[in-house]
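J.: Can you keep this structure in mind? I'll have questions shortly.
The values are calculated or read from the model by the stated rules, or taken from the named source; none is laboratory data. Here the structure is a predicted model, which is why all the values come from computation and not from measurement. We place every Cβ from the backbone using ideal geometry, glycine too, and count neighbours over all the protein chains shown.
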Amino acid sequence: MSLDKKLVADMVKITSSAAISCLKFLGKNDKELVDKAATDSMRNEINKLKINGVVVIGEGELDEAPMLHIGEKLGAGGNLELDIAVDPLEGTNFAAKNLPGALSVISIAEKGNLFNAPETYMDKLAVSGKVPFEATDLDFSLEKNIQNIADSMNKDIKDVTVCLLDRPRHKEIITKLNDMKTKIKLITDGDVSGALLVTDDKYSVDIFLGIGGGPEGVLAASAIDALGCKFQGRFLFKNEKDISRAKKMGINDLNKKYDLKEIVKGDSIFCATGITNGDLVNGVNIKDNKYITETFVTHKSTNMSKTVVSEDTIKT
């Protein structure tokens, strides 16, 4: 079953409202305050919809997050049962310091169709749809993935662009990429938006890889799924608490490599609204007593992929 196209406008309103709610806290250097503003707004807007929704990717478990926690039921009721994945503020540090790249993100699918990912790390890769599916794999060496991308796209290795988080854990990968003389795009935060850079030639990114958040992987996957790109992920567990949490969620094979079709099933809608300017979309702007927002939207069943510009009159 396909999700009604009308839900796209609802989702855009939800992420746009959350983005606008962050404005007065931008650059205040208070990550908790700006994150709370986005979370409060998103929860309030979702609860206006005539749906029965359950948060499968959220701000954490009940003991960690009072709102938008995993398992929380949302919506005003109705016949439509949805899985909801949220990151009210991706790039909390960006917003707190008024730096580029902060987003408000939501993804929805029918009940049972979005993977319930534990709050742990994930080794992942996202690859441009122009690269043949079989050319890349999490189980291949870094060198093999890069060489296969170069060969399949008929270009030199030095013209392949790799995006990854700038983290100490990626030092070895970065060293190898430098040895291969590939182009590297390092990002300081923004795990979701980083993966989405493979979805369009204008971003000039061939592959996003490395270790980031598992929940962010699921959010990115729902957009990537609608755009014919590739995504794979494998969870990484730091301790017994992580393993116990995963097993409660039904994950018994701790080394399993997940493909896109296992992470997102059926139809999905993805929205990411810019809070501050970034590669994907512009941040919230004020013009003629109106908030102007930009939202990157995908809707799988209608092959929709576009940037929606919305206006919201400033209430005085």
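J.: Only residues that are assigned to a helix (DSSP H, G or I) and charged (D, E, K, R): list them for segment 30-52, please.
T.: Within segment 30-52, LYS31, GLU32, ASP35, LYS36, ASP40, ARG43, GLU45 meet the criteria.
J.: Kindly evaluate LYS256 against the criterion of being closer than 17 Å to MET11 by Cβ and among the basic types (Lys, Arg).
T.: Numbers: closer than 17 Å to MET11 by Cβ: no; among the basic types (Lys, Arg): yes.
Here the answer is no, as LYS256 does not meet what is asked.
J.: Can you work out which of the residues in segment 119-134 that are touching a Cys at 6+ places or on another chain (Cβ under 7 Å) and of a type outside the set (A, V, I, L, M) is surrounded by the most Cβ atoms within 10 Å (Cβ to Cβ)?
T.: Let us first name the residues in segment 119-134 that are touching a Cys at 6+ places or on another chain (Cβ under 7 Å), namely 126-129.
If we keep only those that are of a type outside the set (A, V, I, L, M) as well, we get 128-129.
Working: SER128: 24, GLY129: 14.
Only one residue tops the list, namely SER128.
J.: Is at least one residue of segment 135-157 surrounded by fewer than 16 Cβ atoms within 10 Å (Cβ to Cβ), at pLDDT 95 or above and under 30 Å from LYS28 (Cβ atoms)?
T.: Taking every residue of segment 135-157 in turn, none turns out to be surrounded by fewer than 16 Cβ atoms within 10 Å (Cβ to Cβ), at pLDDT 95 or above and under 30 Å from LYS28 (Cβ atoms).
J.: Here's another thing I want to ask about it. If you scan segment 7-52, which residues turn out to be surrounded by fewer than 16 Cβ atoms within 10 Å (Cβ to Cβ) and either modelled with pLDDT under 95 or not aliphatic (A, V, I, L, M) (or both)?
T.: The answer is LYS24, GLY27, LYS28, ASN29, ASP30, GLU32, ASP40, ASN44, ASN47, LYS48, LYS50.
J.: Let me ask something else. What are the residues in segment 98-130 that are aliphatic (A, V, I, L, M) and touching a strand residue (DSSP E or B) at 6+ places or on another chain (Cβ under 7 Å), if any? Talk me through it step by step, then tell me what you get.
T.: Kept after step one, since they are aliphatic (A, V, I, L, M), are these residues of segment 98-130: 99, 102-103, 105-106, 108-109, 114, 117, 122, 125-127.
If the condition is that a residue be aliphatic (A, V, I, L, M) and touching a strand residue (DSSP E or B) at 6+ places or on another chain (Cβ under 7 Å), then ALA102, LEU103, VAL105, ILE106, ILE108, ALA109, LEU114, ALA117, MET122, LEU125, ALA126, VAL127 are the ones that fit.
J.: Still on this structure, please answer the following. Name the residue, out of ASP189, ASP225, ASP179, that is acidic (Asp, Glu) and more than 23 Å from ILE106 (Cβ to Cβ).
T.: Numbers: ASP189 fails: more than 23 Å from ILE106 (Cβ to Cβ); ASP225 fails: more than 23 Å from ILE106 (Cβ to Cβ).
ASP179 is the lone residue from the list that is acidic (Asp, Glu) and more than 23 Å from ILE106 (Cβ to Cβ).
J.: Do we have any residue at all in segment 254-265 that's farther than 30 Å from ASP137 by Cβ and either assigned by TED's automatic domain parsing to the domain that holds GLY101 or touching a residue at least 40 places away in the same chain (Cβ under 8 Å) (or both)? Steps first, please.
T.: Going residue by residue through segment 254-265, those that are farther than 30 Å from ASP137 by Cβ are none.
Taking every residue of segment 254-265 in turn, none turns out to be farther than 30 Å from ASP137 by Cβ and either assigned by TED's automatic domain parsing to the domain that holds GLY101 or touching a residue at least 40 places away in the same chain (Cβ under 8 Å) (or both).
J.: Given the structure, is THR298 assigned by TED's automatic domain parsing to the domain that holds SER41, under 30 Å from ASP139 (Cβ atoms) and not aromatic (Phe, Trp, Tyr)? Step through it out loud before you land on a result.
T.: Numbers: assigned by TED's automatic domain parsing to the domain that holds SER41: yes; under 30 Å from ASP139 (Cβ atoms): yes; not aromatic (Phe, Trp, Tyr): yes.
So THR298 passes the test.
J.: Filter segment 259-296 down to the residues that are β-branched (Val, Ile, Thr), surrounded by 23 or more Cβ atoms within 10 Å (Cβ to Cβ) and either at pLDDT below 95 or assigned to a strand (DSSP E or B) (or both) and list them by number.
T.: Answer for segment 259-296, where residues must be β-branched (Val, Ile, Thr), surrounded by 23 or more Cβ atoms within 10 Å (Cβ to Cβ) and either at pLDDT below 95 or assigned to a strand (DSSP E or B) (or both): VAL264, ILE269, THR273, THR293, THR295.
J.: Right, ASP242: surrounded by 15 or more Cβ atoms within 10 Å (Cβ to Cβ) and under 28 Å from PRO118 (Cβ atoms) or not?
T.: Numbers: surrounded by 15 or more Cβ atoms within 10 Å (Cβ to Cβ): yes; under 28 Å from PRO118 (Cβ atoms): yes.
Judged against the criteria, ASP242 is a match.
J.: Here's a follow-up. When only residues in segment 53-80 that are over 25 Å from GLY213 (Cβ atoms) and hydrophobic (A, V, I, L, M, F, W, C) count, which is surrounded by the fewest Cβ atoms within 10 Å (Cβ to Cβ)? Explain how you work it out, then say what you get.
T.: Step one: filter segment 53-80 for residues over 25 Å from GLY213 (Cβ atoms), giving 75-80.
Narrowing further to those that are hydrophobic (A, V, I, L, M, F, W, C): 76, 80.
Values: ALA76: 12, LEU80: 17.
Applying the filter and picking the extreme gives ALA76.
J.: I need the full set of residues from segment 1-23 which are more than 14 Å from THR298 (Cα to Cα) and under 20 Å from the mean Cα position of the chain (by Cα), in order please.
T.: LYS13, ILE14, SER16, SER17, ALA18, ALA19, ILE20, SER21, CYS22
J.: Hey, another quick one. Any idea which of LEU99, LEU138, LEU125, LEU165 is without any contact (Cβ under 8 Å) to a residue 60 or more places away in the chain and of a type in the set (A, V, I, L, M, F, W, C)? Quick ask: steps written out before the conclusion?
T.: Values: LEU99 fails: without any contact (Cβ under 8 Å) to a residue 60 or more places away in the chain; LEU138 fails: without any contact (Cβ under 8 Å) to a residue 60 or more places away in the chain; LEU125 fails: without any contact (Cβ under 8 Å) to a residue 60 or more places away in the chain.
Only one candidate passes the filter, namely LEU165.
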